[in-house]
Amino acid sequence: RKNNGHIPRPKNCFMAYREHMQHKVLAENPGMNNKVVSVIAAQMWNKESDDVKQFWKDRAQQLKLEHKIKYPDYKFAPKKKSQK
């Protein structure tokens, strides 16, 4: 949980992959900002084999189960955008 009591959403397969690849991308490109890291990770993801994507889908399911154990009462409730 973050300081304000917010519970983060469980990671999907791409977010788990991106988090893993971020370290590799930043090691090869120190100081790169997160937006560019995400673009590179997305390009890498699109080139991955079905086997690699399946690995990350399985990993995301595992993370989802861990999240359910850690936060049993969690329900995704997106906040509505307020009108300006």
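With helices as the sole contributors, the chain gives -20500 deg cm²/dmol at 222 nm; each DSSP H run of n ≥ 4 counts as -39500 (n - 2.57), and the sum is divided by every residue. In this Cβ point-charge picture (+1 for Lys and Arg, -1 for Asp and Glu), segment 33-72 has a dipole of about 220 debye about its Cα centre. For segment 33-72, the normalised intensity computed at q = 0.23 Å⁻¹ comes to -0.78 (log10 of I(q)/I(0), Debye sum over alpha carbons, equal scatterers, no solvent).
None of the figures in this text is laboratory data; all of them are computed from the coordinates on show. From a predicted model like this one, the values you see are computed outputs, not experimental measurements. All Cβ positions, glycine included, derive from the backbone under ideal geometry; neighbour counts span all protein chains shown.
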